Amino acid sequence: MKRSLLALVVFAASSWSQAKEPVSPVRARMQAFVKEKVISGSVTTIATKDKMLSLETVGYADLKTKEVMRADHLFWIASMTKPMASVCVLQLQEEGKLSIEDPVEKYLPEFKGQWMIEKREGGKLILKRPARAITIRDLLTHTAGLANTSTPRTESTLGELVMSYSKTPLNFKPGSKWSYSNAGINTLGRIVEVVSGVPFAKFLQERVLDPCGMKDTTFWPTPAQAKRVAKSYRPDKNGELQQVEVRFLAGGISNRKRTPYPAGGLYSTAGDVTLFYQMMLNGGIANGKRVLKKETATLMTRTQTGDIKTGFVDGMSWGLGFQVVKEPQGVTDTLSAGTYGHGGAYATQSWADPKRRIILVMMIQRAGFRNGDNSPVRKGFQEAVKQQIGR
């Protein structure tokens, strides 16, 4: 009797185990990266313009305490802030308050009379006046030649930052080359302030984050939100992940006087970032309300840099604030031409593929990759997505 009962229990347990849903390709791939100590943990999403297809959490938000990664953990999304900041600029163009063809000096007089480096000779810089002034379009496409300068203090205003940019010589003729410029995107944030009369962070909150329902996206996580920020890691010489601080955002995580960098200051969740890309993929509509005109969303996510070589991986181009896949290859070979999005300094990734009608978001906090846009984690995630959804 006892032996029969035991056999029944074992059989039932075995049957239940076999009946469990199989581990998804995305989950399996991300768990492998955790096991191999490439990352501490991740939150990933696959979505359409109106539906979440997959939300997977693996690994740990804190390796020391073994805090398990959850969907509501926040990540420093760094340069994934740039497309969101750029939307603010295009909203002002829609209202007729500026044109992206306008010279920056029209709104920021400190840029009048800028110099440009003609050549370096014998340890000296030979300067000349550029043929034309830099435009807002140049800033949006990283073709202004604007040099990145160090922030004077952790609580600098955008006005202070931009003043230093304006007095630094351009690196090349505006519109002739591409060079990734945090200074350019921060300058866009200052233009938003001057044109709208509203602090940039407030404008972004009211015109983009709130309409999209991005409740956990902020430059300054509250003390409660700060407890949900995933730790950042970098491998040591032995391959062990060691915690690192986000040195780019010194000055106290909840300090609201800390500079709200349009080029890379936001914290967010995978779910919130997905909402932003759902708005873009839905032609500028979020929660039944229009955030952007459809033609503006299309303009921003279409190649604007012609044949200029851009980006951190081959086959890329630049839209207005967004990277755009021009010729899929290498790390982008599972994406369609026309896919748009942006990555972040700690290897976060966010992309919308309009041909496949899907959104991919990968949230990790991993410093030390030679190229975050070309990381093995990004490639592995995207390959697993294709395997999982079959398109």
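Each row is one residue, and each column tells you yes or no for (1) closer than 23 Å to Pro260 by Cα; (2) open to solvent by less than 80 Å² (accessible area, probe 1.4 Å).
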{"site": "Glu101", "(1), (2)": "no, no"}
{"site": "Gly113", "(1), (2)": "no, yes"}
{"site": "Arg120", "(1), (2)": "no, no"}
{"site": "Arg129", "(1), (2)": "no, no"}
{"site": "Arg132", "(1), (2)": "no, no"}
{"site": "Gly145", "(1), (2)": "yes, yes"}
{"site": "Arg153", "(1), (2)": "yes, no"}
{"site": "Ser166", "(1), (2)": "yes, yes"}
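Trp318 is checked against (1) under 22 Å from Ile136 (Cα atoms); (2) out of contact with any His (no Cβ under 7 Å at 6 or more places or on another chain) and fails just one. What number does that condition carry?
The number of the failed condition is (2).
Which one of the conditions (1) over 19 Å from the mean Cα position of the chain (by Cα); (2) surrounded by 14 or more Cβ atoms within 10 Å (Cβ to Cβ); (3) not in a helix (DSSP H, G or I) does Leu92 fail to meet, given that it meets all the rest?
Status for Leu92: all satisfied but (3).
Among the residues of the range 122-163, how many are part of a helix (DSSP H, G or I) and under 25 Å from the mean Cα position of the chain (by Cα)? Can you show your working first?
Initial filter on the range 122-163 (part of a helix (DSSP H, G or I)): 136-141, 158-163.
Among the residues that remain, those that are also under 25 Å from the mean Cα position of the chain (by Cα) are: 136-141, 158-162.
Counting residues in the range 122-163 that are part of a helix (DSSP H, G or I) and under 25 Å from the mean Cα position of the chain (by Cα) gives 11.
Within the bounds of the range 58-79, is there any residue that is among the aliphatic types (A, V, I, L, M), in contact with a Gly (Cβ under 9 Å, 6 or more places away or on another chain) and under 20 Å from Gly265 (Cβ atoms)?
Within the range 58-79, one or more residues are among the aliphatic types (A, V, I, L, M), in contact with a Gly (Cβ under 9 Å, 6 or more places away or on another chain) and under 20 Å from Gly265 (Cβ atoms).
From the list Arg234, Arg207, exactly one residue is farther than 20 Å from Thr348 by Cα and either open to solvent by less than 30 Å² (accessible area, probe 1.4 Å) or outside any loop (DSSP other than H, G, I, E, B) (or both). Which is it?
Details: Arg234 fails: farther than 20 Å from Thr348 by Cα.
Being farther than 20 Å from Thr348 by Cα and either open to solvent by less than 30 Å² (accessible area, probe 1.4 Å) or outside any loop (DSSP other than H, G, I, E, B) (or both) holds for just one of Arg234, Arg207, which is Arg207.
Gln242 passes all but one of (1) closer than 28 Å to Leu335 by Cβ; (2) without any contact (Cβ under 8 Å) to a residue 24 or more places away in the chain; (3) open to solvent by 30 Å² or more (accessible area, probe 1.4 Å); (4) not in a loop (DSSP other than H, G, I, E, B); which number fails?
(1)
Limited to the range 51-75, what total is found for residues that are touching a helix residue (DSSP H, G or I) at 6+ places or on another chain (Cβ under 7 Å) and not aliphatic (A, V, I, L, M)?
Counting residues in the range 51-75 that are touching a helix residue (DSSP H, G or I) at 6+ places or on another chain (Cβ under 7 Å) and not aliphatic (A, V, I, L, M) gives 3.
For the range 258-270, what are the residues that are open to solvent by 10 Å² or more (accessible area, probe 1.4 Å) and farther than 12 Å from Ile77 by Cβ?
Pro260
Where residues in the range 336-373 are among the aromatic types (Phe, Trp, Tyr) and in a loop (DSSP other than H, G, I, E, B), which of them is least open to solvent (accessible area, probe 1.4 Å)? Before you say what the answer is, go through the steps one by one.
Start the filter on the range 336-373 by keeping residues that are among the aromatic types (Phe, Trp, Tyr), which leaves 340, 346, 351, 369.
Next, only the ones that are in a loop (DSSP other than H, G, I, E, B) stay: 346, 369.
Details: Tyr346: 15, Phe369: 44 Å².
Ranking the qualifying residues of the range 336-373, first place goes to Tyr346.
Could you give every pair whose Cβ atoms fall below 7 Å, whose first residue belongs to the range 148-177 and is at positive phi, and whose second residue is part of a loop (DSSP other than H, G, I, E, B) and open to solvent by 70 Å² or more (accessible area, probe 1.4 Å), counting only separations of at least 6 or pairs across chains?
Pairs found: none.
Between residues in the range 293-313 that are closer than 23 Å to Asn371 by Cα and at pLDDT 95 or above and residues that are open to solvent by 90 Å² or more (accessible area, probe 1.4 Å) and in a loop (DSSP other than H, G, I, E, B), which pairs lie under 7 Å by C-beta distance while being six or more apart or on different chains?
From residues that are closer than 23 Å to Asn371 by Cα and at pLDDT 95 or above, the pairs are Ile308/Lys177.
Quick check on this structure: which one of Val229, Val273 is touching a strand residue (DSSP E or B) at 6+ places or on another chain (Cβ under 6 Å), closer than 18 Å to Thr348 by Cβ and open to solvent by 10 Å² or more (accessible area, probe 1.4 Å)?
Criteria check complete, one pass: Val229.
Could you please tell me which pairs satisfy a Cβ distance under 8 Å, a separation of 6+ or placement on different chains, a first residue in the range 85-107 that is without any contact (Cβ under 8 Å) to a residue 40 or more places away in the chain, and a second residue that is surrounded by fewer than 20 Cβ atoms within 10 Å (Cβ to Cβ) and among the small types (Gly, Ala, Ser)?
These pairs meet every condition: Pro103/Ala133; Glu105/Ala133.
Mind checking whether some residue in the range 44-55 is among the charged types (D, E, K, R), open to solvent by 10 Å² or more (accessible area, probe 1.4 Å), under 30 Å from Gly283 (Cα atoms) and not in a loop (DSSP other than H, G, I, E, B)? If you could, list the steps in order and put the result at the bottom.
Step one: list which residues in the range 44-55 are among the charged types (D, E, K, R), which gives 49-51.
From what's left, open to solvent by 10 Å² or more (accessible area, probe 1.4 Å): 49-51.
Add one more test, that the residue is under 30 Å from Gly283 (Cα atoms), and what stays is 49-51.
With the extra rule that they be not in a loop (DSSP other than H, G, I, E, B), the set shrinks to none.
The answer is no, given that none of the residues of the range 44-55 is among the charged types (D, E, K, R), open to solvent by 10 Å² or more (accessible area, probe 1.4 Å), under 30 Å from Gly283 (Cα atoms) and not in a loop (DSSP other than H, G, I, E, B).
Restricted to the range 169-203, and to residues that are in a loop (DSSP other than H, G, I, E, B), open to solvent by 30 Å² or more (accessible area, probe 1.4 Å) and touching a Leu at 6+ places or on another chain (Cβ under 8 Å), which residue is nearest to Lys119 (Cα to Cα)? Steps first, please.
Let us first name the residues in the range 169-203 that are in a loop (DSSP other than H, G, I, E, B), namely 169, 171-181, 197-199.
Next, from what is left, pick out any that are open to solvent by 30 Å² or more (accessible area, probe 1.4 Å): 169, 171, 173, 175-180, 197-199.
Filter once more, so that each one left must be touching a Leu at 6+ places or on another chain (Cβ under 8 Å): 169, 171.
Numbers: Pro169: 11, Asn171: 9 Å.
The qualifying residue nearest to Lys119 (Cα to Cα) is Asn171.
The values are calculated or read from the model by the stated rules, or taken from the named source; none is laboratory data. Everything numeric here is computed off the predicted structure, so don't read it as measured data. Note that each Cβ is placed from the backbone with ideal geometry, even for glycine, and that neighbours are counted across all protein chains shown. For the accessible areas, the whole protein counts, side chains as well, though only heavy atoms, and no ligand, DNA or RNA atoms are used. Shrake-Rupley method; radii C 1.70, N 1.55, O 1.52, S 1.80 Å.
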